[in-house]
Each structure stands twice: as structure tokens, then as C-alpha cells.
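Presented below is the structure to which this report refers.
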Amino acid sequence: MNARKLRDIVDGYTMLLPTLVGVLAFFAFPLLYSLYLAFTDAKLLQPADVPIKFVGLENFVFAFGNETFQEALYNTLFFSVMAMFFSVVPALLLAVLINEKIRGQSFFRSLYFVPVVASVVGVSLVWKFLFNKDFGWINLVIEWLRDTFYLDVIGIEPVSWLGNAKYAMTAVIVVFVWKTIGYNMVIFMAGLQGINKQLYEAASIDGANRWQTLTQITIPLLSPTTFFVVITTLISCLQVFDVPYALGWTRGNQAGPADSMLTTVAHLYREGFINNSTSYSSALAWILTLIIFAITVIQFRVSNRWVNYD
Amino acid sequence: MAQAFLRNPFEKFLAYLLLCGLGFIMIFPFFYMFISSVKPHAEIVQFPPALLPQASWLWSNYAEVLKIVPIGTQLLNSAMVTVCVTLGWVITSVLAGYAFARIPFPGANTLFSMYLGTLMVPFAVLLVPMYLLMSWLGWVDKLAALIIPWLFSAYGTFLLRQAFLGLPKELEEAALIDGANRWGALFRIYVPLVYPAIATLATISFLYSWNSFTWPLVVISNKELKVVTQGLMDLQALYGGTRLDLVMAGSVMAVMPTLMVYLAAQRYFIEGVASSGMGGR
């Protein structure tokens, strides 16, 4: 028996070995090294004869007083709130709708999932042309709507989506939502499958109408799924980089017109790799990590109150 | 649902209208991408835009884009990276998932929860230190930088662990009594039983690695070694103003492989997302 236990330990660790080495070398070490860098004045191209100096909290203090960072943070939060709302709520409603016994259920599910699998860069380039102010289909549709329904009175007009700092972030939100809705919907559909059908029968016998069924059975019982979707969507929103990069990064390393698409990750990418400021970039990355960590913790706490894990 | 949400044909009609309208929005950009890739530039930028190519279908755009930028090489680089990373994910996840699920050894639970913790860390925090690590290893501008650090996956380990936990213990006990060791039990008995989980993992890994962009952007700058997502950005920078047809032809080539694999293995993609909600992120 003891020989078997020993064998188990040897076999267990041998099987884990590749993974352990990988995690230590390419996750744990860089993570700690980044924490160290955040407290120094290291440059990406550090001259060999200049030692790296320890500067305490200087990078963090600088970040919070820095206007560009504040803007990046504001942009990211604005983006996250909007993108989260529009990719979670419609996804939930769609999942409820498609979960009906309707013809083509799996067809629609597959269809909405297509944008999820396509490369962000590839689809962002297409959207870039759809948003074009001169020949884009979006303005074509807006013009048609305006001329058909006289919407100019409420201010619906074709605009330069990607050329105007006021609208650029809207374009980023549209592309992100378009790419995420199907993903969230599939998770919601899986959650809906898990709800006990008898509850609906009971509600029907009790004469509940469909809004009561939706708001008193479906939504509360779906809350663990909703909670999961909200957290994962928020976390991926806070890290958004490739959509704004592909839509609006300029040759002069501006993120869209007047830096209007600058997100936190875009900012730390630019500081670290274009402006040569490794240490400041690391500090920014740690601020982002702490924000994400805090949101996760708060949401877990809150979830104990409103999530129904029954 | 026992009680239908939609009660009469008119409501069903409205629901279909909504679903089809949304479906159209989901598909239209792909349609536009494809159609524009076979139009001349002048027809793409005319206003109002026409739906179909008016003069003729310019398939030659594809040949042209392959000739003027190294996107063919970049497609091969992407393919090479994707195949290696996917194999790596599958092998390391099967081994680690089995060890965590089936072998009692000290420290297993602690290691597993630490491993799951890695999922909570945003990738952005690793960008800079990983780049520095790559430069010490001499892997900047080498495909190794796109492959070797990404052969491991906490998501995959989690998925395979769940799959192995779902199988009866007796299978293995019988094998161990018959004199097989753990490795024999794993590869001869367990692995064939978790093929669906492996397929799910492989499709998710394929997607993730074919579409990856941020890390290659940071670590690869030689255009012969770039992956296709980077190649597309270059194509856009060079021809975005003058030859949209070529940009769209490049996009089609970059997007096509994932769409094909998705069509062939839809079930595994959707299962992967539905079961864990972590795929592709």
C-alpha cells in the first residue's frame, strides 16, 4: 500500500510537471516581476550602465495625478457600463425567446454565435468600413431612416463615427456588443435548461401570467448564471484593447481621434512599448488588476444577498 | 417550457421578425466583407453603396493580396502556432486534469485552487514582464514566443478535471488491479472516454490562438514572422485608404479558417462556452 502511495505521488507530480513549470516560468515569475517593476524606474530599453532605481509609490502617485490615465480610466468605465448593459440584457431576453419551442432554435443560436468565433481584428476592419462617413452602410441606413421618418427633428443625422471624438467610443461599443451578445446568450441558454420545468407548470396552474413567470421564476432562478455573465463580461470589458486598437489606432500612436478610444490597456500598452516606460506601465497594469480583483470580491459578496443558488 | 411565452401566431411572427432582423445584423458584416473582397475599390467607396459587384467578380484580388504582402506566410505562421498551442493545451491539460481528478497526492487541492486563481489575473499585467522574459531568452521575434509560453491552460485543466471526475472510479481500480499503472489506465481507459471534452478544448484553443493579437503585436515585429491578425493591421495601414478590396480579401482569409472550423464543430464550441463560460476569452 505504501509503495502504491509513493507511486501515486511520483506519477501525480510527473503528470503535473509540464503545467507546473509553465505556470511558474510564464505566469508566477512575470507576475511578481511586474510587481517589482511597478515600484522602480525601469525603462524598456534600460542602458546597461544605469542601475534600476527603487522609487516607492511614485508611479502610482503619478498615475492618479495624470490626466491621460484619468481619461483612459473614464473611457474604460464608460465603455464597460454601456457594453455590459447592451451585451447582457438583450442576451438574456434573446435566450428566453429562443428557448421557446420555436422552429429554428438551434439555427438562431448558431447564427448569433458566428461573430464570437471570428477574429476581432478581421471583423473590426469590416466595421471600420461600415462606420465610414462617406460610404458606410451605417450612415446609409441612418439617412434612410431620417428621410423616411423625418428623424432629423430629433437629431438623428449621419455622422463621422470614427473621425469624431464624440462618437468614436460608440463605435467600439457597437462592435464589442455585436461580438459578445451571442456568447452571453449561449451561457444564458445553458442556464435556462437548468431550471426545473415543473415550476413553470405549477405557475401556470396557479394562473400566473407570463410577466409574472418571467420576473418571478425565470429571472430569479437564472441569477447564478446572470451573476456569472455579468462578472465575466465586466472583466473582459475592463481589459478591452483589440477592438479600439483595430478600429482607431493611428500611425502617431493615438487611440482614435483625440485619443477618444484610449482604454486602460491601450494606455499601458503605449506607455510600456511605445514610450519606453516599463515601470509606469507595470504600475498601470497593477492598478487594473486591483480594480478587477476588487470588483470580483465585491460582486461575490453582493451575490450572496441577491443570487439564488437553489 | 411548459407555459409558452409566446401565445399566438402574431406574437410568434413578431418574435421571428426580431430574430431574423438580429440574425441579419450578425451576418451582414461577413457578407459585406466577402462581397467587398471581390469588388474593385471604386465600387466599395461609391455612395450609395451597391449590394453586389456591378462589373464583375474580381477573384484576382485574392491573388493580388497574396503577392503584395506576405499574408500567405503569415497565415502559415498562424496555422503553425495554432496547431502547436492546441496540441500543447490538450496534452498538458489531459495530464494535469487526470492528476488533479484521480490521483491522491499531497498538495493537490492547494495547487488546483492556486491554478484556478491564475484565471483571475488580467493578461495585461503579464505583457511587459513577459516581453522582458522573452528578450532574456532571445525569443523576441521568434515564433517560440507565441508557442512555448502558451502550451498550458488553467481552463483546459479545469475542463479535463471535470470530465475525468465524471467517470466511474471502478474503471481504474479494475485496471490497476490487473497490473496496469496510472499511465496505462489514463491513456488506454480514460482518454478515449473523454474525447468530447478534448474536442471542446481543442476547438476553444484553436479559436483563442488563431485570433490572438495583443501578444503577437508586442513580441513579433518581423513581417515574415507575424501572425495573420498582425498582417491584417499592416494591410489596413498600407492599403486602407486606396485598396479596400485588398484589405477585405485579407480579412476573408483571416476569418475563414475559424468560420470553417466553427461550421464543422459547432457543437463543441457551443458546449465549451455553455459548460464553462470561459472559452474564447
### Query
Within the stretch A:16-42, can you find the residues that are among the aliphatic types (A, V, I, L, M) and touching a residue at least 40 places away in the same chain (Cβ under 8 Å)?
A:35, A:37, A:38, A:42
### Message
Can you list residue pairs whose Cβ atoms sit under 7 Å apart, with the first residue in the stretch B:34-57 being within 10 Å of chain A (Cβ to nearest Cβ) and the second being hydroxyl-bearing (Ser, Thr, Tyr)? Count only pairs 6 or more apart in sequence or on different chains.
### Response
B:44/B:36
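Quick one: is residue A:86 under 30 Å from residue B:228 (Cβ atoms), within 13 Å of chain B (Cβ to nearest Cβ) and not charged (D, E, K, R)?
Details: under 30 Å from residue B:228 (Cβ atoms): yes; within 13 Å of chain B (Cβ to nearest Cβ): yes; not charged (D, E, K, R): yes.
In short, yes.
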### Task
Evaluate the following for residue A:21: is it in contact with a Leu (Cβ under 8 Å, 6 or more places away or on another chain) and either charged (D, E, K, R) or on the phi < 0 side of the Ramachandran plot (or both)?
no
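Return yes or no: is residue A:175 β-branched (Val, Ile, Thr), touching a helix residue (DSSP H, G or I) at 6+ places or on another chain (Cβ under 7 Å) and over 23 Å from residue A:100 (Cβ atoms)?
On the way: β-branched (Val, Ile, Thr): yes; touching a helix residue (DSSP H, G or I) at 6+ places or on another chain (Cβ under 7 Å): yes; over 23 Å from residue A:100 (Cβ atoms): yes.
Criteria met by residue A:175.
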### Query
Looking at the stretch B:13-26, is at least one residue in a helix (DSSP H, G or I) and either modelled with pLDDT under 85 or within 20 Å of the chain's Cα centre (by Cα) (or both)?
yes
### Task
Among the numbered conditions (1) away from chain B (no Cβ under 13 Å); (2) touching a residue at least 12 places away in the same chain (Cβ under 8 Å); (3) in contact with a helix residue (DSSP H, G or I) (Cβ under 9 Å, 6 or more places away or on another chain); (4) open to solvent by 30 Å² or more (accessible area, probe 1.4 Å), tell me where residue A:70 comes up short.
(2)
### Query
In the stretch A:89-127, which residue that is of a type in the set (Ser, Thr, Tyr) and open to solvent by less than 30 Å² (accessible area, probe 1.4 Å) is farthest from the other protein chains (Cβ to nearest Cβ)?
A:124
### Message
So, residue B:137, is that one at pLDDT 90 or above, more than 30 Å from residue A:234 (Cα to Cα), open to solvent by 30 Å² or more (accessible area, probe 1.4 Å) and within 10 Å of chain A (Cβ to nearest Cβ) or not?
### Response
yes
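Could we say that residue A:176 is under 17 Å from the mean Cα position of the chain (by Cα), modelled with pLDDT of 90 or more, crowded, with 18+ Cβ neighbours inside 10 Å and in a helix (DSSP H, G or I) here? Outline the logic, then answer.
Numbers: under 17 Å from the mean Cα position of the chain (by Cα): yes; modelled with pLDDT of 90 or more: yes; crowded, with 18+ Cβ neighbours inside 10 Å: yes; in a helix (DSSP H, G or I): yes.
Considered against the rule, which asks whether it is under 17 Å from the mean Cα position of the chain (by Cα), modelled with pLDDT of 90 or more, crowded, with 18+ Cβ neighbours inside 10 Å and in a helix (DSSP H, G or I), residue A:176 comes out as yes.
With the requirement that a residue be of a type outside the set (A, V, I, L, M) and either more than 7 Å from chain B (Cβ to nearest Cβ) or under 18 Å from the mean Cα position of the chain (by Cα) (or both), what does the stretch A:128-140 give you? Explain how you work it out, then say what you get.
To start, the set of residues in the stretch A:128-140 that are of a type outside the set (A, V, I, L, M) comprises A:128-129, A:131-137, A:139.
Within the stretch A:128-140, A:128, A:131, A:132, A:133, A:136, A:139 meet the criteria.
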### Message
Looking at the stretch A:2-18, can you tell me whether even one residue there is under 18 Å from residue B:128 (Cα atoms), outside any loop (DSSP other than H, G, I, E, B) and either open to solvent by 80 Å² or more (accessible area, probe 1.4 Å) or more than 8 Å from chain B (Cβ to nearest Cβ) (or both)?
### Response
no
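So is residue B:208 more than 8 Å from chain A (Cβ to nearest Cβ), among the hydroxyl-bearing types (Ser, Thr, Tyr) and free of Cβ contacts under 8 Å to residues at least 12 places away in the same chain or not?
Details: more than 8 Å from chain A (Cβ to nearest Cβ): yes; among the hydroxyl-bearing types (Ser, Thr, Tyr): yes; free of Cβ contacts under 8 Å to residues at least 12 places away in the same chain: no.
No.
Just to be sure before I move on: is residue A:283 of a type in the set (A, V, I, L, M, F, W, C), buried (at least 24 other Cβ atoms within 10 Å of the Cβ) and at pLDDT 95 or above in the structure I sent?
yes
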### Task
Determine if the stretch A:34-44 includes at least one residue that is assigned to a helix (DSSP H, G or I), open to solvent by 50 Å² or more (accessible area, probe 1.4 Å) and within 29 Å of residue B:112 (Cβ to Cβ).
yes
### Restricting the stretch A:180-225 to residues that are open to solvent by 30 Å² or more (accessible area, probe 1.4 Å) and closer than 30 Å to residue B:29 by Cβ, the residue that is farthest from the other protein chains (Cβ to nearest Cβ)
A:193
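Per-residue answers, yes or no, for (1) of a type outside the set (Asp, Glu); (2) closer than 30 Å to residue A:233 by Cβ:
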residue: A:18; (1), (2): yes, no
residue: A:28; (1), (2): yes, yes
residue: A:55; (1), (2): yes, no
residue: A:66; (1), (2): yes, yes
residue: A:71; (1), (2): no, yes
residue: A:81; (1), (2): yes, yes
residue: A:85; (1), (2): yes, yes
### Candidate set: the stretch B:57-72, residues that are part of a helix (DSSP H, G or I) and among the β-branched types (Val, Ile, Thr); chosen: the one most open to solvent (accessible area, probe 1.4 Å)
B:68
### Selection from the stretch A:230-251 of residues that are open to solvent by less than 10 Å² (accessible area, probe 1.4 Å), within 10 Å of chain B (Cβ to nearest Cβ) and farther than 20 Å from residue A:288 by Cα
A:246
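The values are calculated or read from the model by the stated rules, or taken from the named source; none is laboratory data. Keep in mind that what you see is a predicted model, and the values were worked out from it rather than measured. Every residue, glycine as well, gets a Cβ built from its backbone with ideal geometry; the counts of neighbours run over all protein chains shown. Please note that ligands, DNA and RNA were not included when accessible areas were found on the heavy atoms of the full protein model with its side chains. Shrake-Rupley method; radii C 1.70, N 1.55, O 1.52, S 1.80 Å.
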